[in-house]
Amino acid sequence: MQEIMKKRASELLLDGTVSRVIGWKAGDFVYDITPAVFESAEEIEKDFVYTAFCGANLSKYLVKESKKPGKTLVFLKPCDSYSFAQLVKEHRVNRDSVYAVAVECRGKADVDKIRDCGVKGICGISEENGTLTVDTVYGDKTLPLSEVMLEKCASCKTRKHAVYDELLGEEGEEVADCDRFGKVRELESMTPEERYEFWRGELSRCIRCNACRNVCPACTCEKCVFDNDNSGIAQKAAADSFEENMFHIIRAFHVAGRCTDCGECTRVCPQKIPLHLLNRKFIKDINELYGDYQAGADPDTRPPLTDFRTTDAEPSIVYRRGEK
Amino acid sequence: MQRIGVFVCHCGTNIAGTVDVKAVAEALKSEPGVVFSTEYQYMCSEAGQNIIKNAIREHQLTGVVICSCSPRMHEATFRKTASAAGLNPYMVEIANIREQVSWIHKDMKAGTEKAIILGRAAIAKVSLNAPLIPGESPVVKRALVIGGGIAGIQTALDIADAGFEVDIVEKEPTIGGKMTQLDKTFPTLDCAACILTPKMVDCAQNEKIRIYSYSEVSEVKGFVGNFTVTIKKKARYVDELKCTGCGECTEKCPQKKVPNAFNLGLDNRRAIYIPFAQAVPKVATIDADYCNMLKNGKCGVCAKVCGAGAIDYKQKDSFIEERYGAIVVATGFNPIKLDAYEEYGYKQSKDVITSLELERLMNAAGPNGGTLLRPSDKTHPHTIVFVQCVGSRCDDGKGKSYCSKICCMYTAKHAMLIREKYPDTEVYVFYIDVRTPGKNFDEFYRRAVEEYGVHYIKGMVGKVAPQPDGKLLVQGSDLLADEQLRVEADLVVLAAAIEPDKTARSLGTMLTASMDTNDFFTEAHPKLRPVESPTAGIFLSGVCQGPKDIPETVSQAGAAASKVIGLLAKDKLTCNPCVAHSDEMLCNGCSACEKVCPYGAITYSDKEFRGPNRTTLIRRVASVNDAVCQGCGACTVACPSGAMDLKGFSNSQIMAEVDAICK
């Protein structure tokens, strides 16, 4: 797959269709892959990679890159394509200046889960038919991909793209047996005290590195409210650690109805906080109160939280559910 | 730093009874920015207003906090006061310590404490207020009246009489409403048609009035002075301009078995019909549910007989968009369905009828040509029982809790007319109370009892049982004689409660006009603004606001018209300056605000901004049209980046209020 993508990216750069390519390149180690912008076929040839560690969602980089002259090629995995569509819908990305290339994806690997299997000294990885072959300094190890997938891939909702200009590889199907709300249901069935303790426990680990916000494709404000001195919030020292934890709740509210559930927040969290559960609670509530809605699925439907219909659930119903 | 004055009102004992007003004024004196604090018995009185004006001048106040009643009551009053003393009127904030404190609490200590907290919040808010200058918006000099009954007709005639154009939208094929179905009217017994039909004709002939019959309002946009309304003209399959109303088609139509809605189903009409001879507009309408041509393409008789060539089976619903400065709601009422009242046998016997059905039976244009005959066997009834309050003043959940107001009087009228015309008929009226407030009303009722010998029985009917011989056995109690009564009646007439027309609810939503739990439209003030909805530019006429009889409806219709005329007479309206504005430096251009704006006040454009290193960035940003924005604030909560803010109600002001309350 990597070679097909490199070939196509080079062709499009050379024939002038696109002026730059957003893809992935390896960092110091094969597993700390970072998003990168390539401006020539030579750079592609040298650094471009597409491996089981390419979990990063590239769509957010278009906010900046698509404003540059010429077209920008972006490689989109199925989940990334929803983020891209949502950004287009919110006018954050100009659709006409993007050349979206869909790439197939069967799930990406979580290096920590590989390490948890006792695999050390990783220096290469390859995938075939759901089996990972990890090249280590101690020799090759094989693992089933399904056991070491990123959280977001383990609960993948669809392997089908929302939007693209060109498809490389095979288009997947919606994941019929995906149970991404299982954990949310579990939390809902807790008593408020238990739930409070759960979240206090998780959120107390937060170091406010802002990685979740910085990676989130829904968090593209020109000036984030948490960085805005005039908001009356930024300079306020948190009264206690609970108030500090409110950061995540405020952020979940800000992206409610716009979050496509791409799972990047949880992937990048260095403290392993299951942040996606906050967003999924919102998604589940929206689905139940206003009918199924998938942000970024299409450019036209109006998001339930900014759309009013006389048939909408009455506030009292929302309130009664909250009492549970 | 602002120089804030605090004025605490006693409102007589309304506030002072539950709030220690002196303590409130004293406590707020030490709040940051407060330079003057006092209390007075009636702040809204001239003397009270003078205290405010003098303090503004003497203490060079830059902000004023009034602790008094709801801002809906007197905010405008106090803004004017501040303005008269040279202060920008938007530097006034109201802390509502009446509706939100004294009226709902009993404990003086707790009430006082809460009043101080609310005062503190208002002080925190006014500290961040900025002077605002209102703009102006033009007024479209045309009114819309929704509903063409007597209320709508009178309102339209009065507005037209003042020289303004007015449109009536009526959902039925003719205007006239319920009054067209009535026989005689109390208390003077003149016939309804004789006094109503000339007004209908006046409407049709008045060049200022346009009638959209068989039409409904399907969408309302805009705001006071500038509404845009979409009117759906339902297909009547007859060209209104060509039809002469000759009635040839209604006689030749072979489909004769259509229940006649105008006569409440007591007889039949054809599939093509003109509801009654005096209909306005006098144009035929095809009932698509029964027309053979429309249902299965086989017939076409009406088209053949129509000399004017007016029949058009292919007609479709059409939509008209029109702009109005004011909208009058006159959607009227219907009697309730009596399905839940099995004890009265309405479903079991044809001879148990509603009062409105009796009107048709007694009407010269009704199914029996005005001769009162039992619906079952067309014989003269000799004993008639009237049952009052069927579904009115009813708290068992089946009916309405309110009094329908008109039933006592029309029943007295029915009883009297029957005794007059058929003196051999015994008439019984079972009642809870007889309510006759109104000019010449009690005299009218007493005439029924004293001169016409109608048997009024205080007590309710428990059961009406149809007998095999066709009689109706009425069992009821006579509370004054303390005995059970059994009357063998030939006809039983139920005074069914009235309820707002079913279209009112959806219309209320379209107009954002508030309604009570019974779906009656609420007025801006129950005593002082009875014909205005709290939504600016929406006025109320007739029973849509609450049960009322014809004289009252006509006076209210005139009152609503005068309010409309007062509005349309202005060339410009002062806009509310508390409008939204967008901070372009924060705006992401996401369009969330544009999508939630109910007034279409927000537009987007690409603008150039200075980027780092002398570069130019082009960004899509929102801007608000001040003249169109109504300050509802929907955009400020939809904005993900906090770029939208409301002048006079900014996020920082609201946060300051919350902080002051939580302090």
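Every read-out reported here was derived from the displayed coordinates using simple, explicitly stated rules and does not represent laboratory data. Computed from a predicted model, the values in this text were never measured in an experiment. Note that we place each Cβ from the backbone using ideal geometry, even for glycine, and neighbour counts take in every protein chain shown.
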Nearest 10, in degrees from 0 to 90: the angle of helix B:651-662 to the longest Cα principal axis of chain B is 90
Entries in B:K80/B:K572; B:K29/B:K106; A:K68/B:K595; B:K208/B:K563; A:K25/A:K71 that, when Cα-Cα distance is taken, lie over 23 Å: B:K29/B:K106; A:K68/B:K595
Options A:I250, A:G70, A:A109, ranked by Cα towards positive dipole end of chain A, top entry (Cβ charges): A:I250
Remind me, relative contact order of chain B in percent, using alpha carbon pairs under 8 angstrom and six or more residues apart? 13
Overall form of chain B per C-alpha gyration tensor (a/c, 1.5; a/b vs b/c): oblate
Tally Lys and Arg at +1 and Asp and Glu at -1 over the other residues with C-beta under 15 Å from the C-beta of B:S137: what net charge comes out? +2
Rounded, prolate or oblate for segment B:7-79? Axes are the square roots of the Cα gyration tensor eigenvalues, ordered a ≥ b ≥ c, and the cut-off for rounded is a/c under 1.5. oblate
Peptide B:585-595: average number of partner chain Cβ atoms within 10 Å per residue? 5
Size of the dipole of chain A about the Cα centre, Lys and Arg at +1 and Asp and Glu at -1 on the beta carbon, nothing else charged, in debye to 20? 640
Run the helix sum for chain A: -39,500 (n - 2.57) per DSSP H stretch of 4+ residues, divided by residue count, reported at 222 nm to the nearest 500 deg cm²/dmol. -10000 deg cm²/dmol
Relative contact order of segment B:248-305, defined on C-alpha pairs under 8 angstrom at six or more residues apart (%): 36
Enter the mean number of other protein chain beta carbons within 10 Å of the beta carbon of each residue in A:300-310, as an integer. 3
Please work out whether segment A:109-148 counts as rounded, prolate or oblate from its C-alpha gyration tensor, where a ≥ b ≥ c are the square roots of the eigenvalues and a/c under 1.5 means rounded, while otherwise a/b larger than b/c means prolate and anything else oblate? oblate
Mind ordering A:48-54, A:161-167, B:118-124, B:83-89 by average Cβ neighbours within 10 Å, highest first? B:118-124, A:48-54, A:161-167, B:83-89
How far apart, in nanometres, would the label points at B:D377 and A:K64 be if each is projected 7 angstrom from Cα along the Cα-to-Cβ direction? 9.6
Point-to-point label distance, B:A481-A:Q271, nm (Cα→Cβ direction, 7 Å offset): 8.6
Charges at C-beta only: +1 for Lys and Arg, -1 for Asp and Glu. How large is the resulting dipole of segment B:580-647 about its Cα centre, in Debye rounded to 20? 180
Work out the FRET efficiency for B:K106 and B:T77 from their Cβ-Cβ distance, taking R0 = 30 Å, and round it to the nearest 0.05. 0.60
Return the average number of partner chain Cβ atoms within 10 angstrom of each residue Cβ along peptide A:214-225. 4
Using 18 Å as the cut-off for backbone N distance, which residues of segment A:104-140 belong to the label zone defined by a point 7 Å from the Cα of A:L167 along Cα→Cβ? A:104-107
Ranked highest first by the average count of other Cβ atoms within 10 Å around their residues, in what order do A:72-81, B:16-25 fall? A:72-81, B:16-25
To the nearest 10 degrees, how steep is helix A:276-290 against the longest Cα principal axis of chain A, on a 0 to 90 scale? 60
Furthest towards positive pole of dipole, A:L58, A:Y196, A:A9, structure part chain A, Cβ charges: A:Y196
Nearest-0.05 FRET efficiency for B:S652 and B:R505 at R0 = 45 Å, using Cβ-Cβ distance, is 0.70
Rounded to the nearest 500, what is the 222 nm mean residue ellipticity of chain B from helices alone, with -39500 (n - 2.57) per DSSP H run of 4+ residues and division by all residues? -8000 deg cm²/dmol
Sticking with the crude label model, points 7 Å out along Cα→Cβ, report the distance from A:E174 to B:N54 in nm, one decimal please. 7.5
Show me A:96-105, A:35-44 ranked by packing, highest mean number of other Cβ atoms within 10 Å first. A:96-105, A:35-44
Please get the size of the charge dipole for the protein assembly as shown, origin at its Cα centre, with Cβ charges of +1 on Lys and Arg and -1 on Asp and Glu, quoted in debye to the nearest 20. 1320
Alpha carbon centroid spacing (whole Å) that separates segment B:34-83 from segment B:632-646: 31
Nearest 10 degrees, 0 to 90: what angle lies between the long axis of helix B:441-450 and the longest principal axis of chain B (Cα atoms)? 30
Considering the options B:N334, B:T174, B:G111, tell which one lies farthest towards the positive end of the dipole of chain B, charges being +1 on Lys and Arg and -1 on Asp and Glu at the Cβ, about the Cα centre. B:T174
So, in Å, what gap is there between the alpha-carbon centers of segment B:435-450 and segment B:140-154? 32
Taking B:I311, B:I209 and counting other C-beta atoms within 10 Å, the order from fewest to most: B:I209, B:I311
Report ³J(HN,Hα) in whole Hz for each residue of segment B:501-512, in order, from the Karplus equation J = 6.51 cos²θ - 1.76 cosθ + 1.60 where θ = phi - 60°; Gly and Pro get x. 4, 4, 6, 4, 4, 5, 5, x, 5, 4, 8, 6
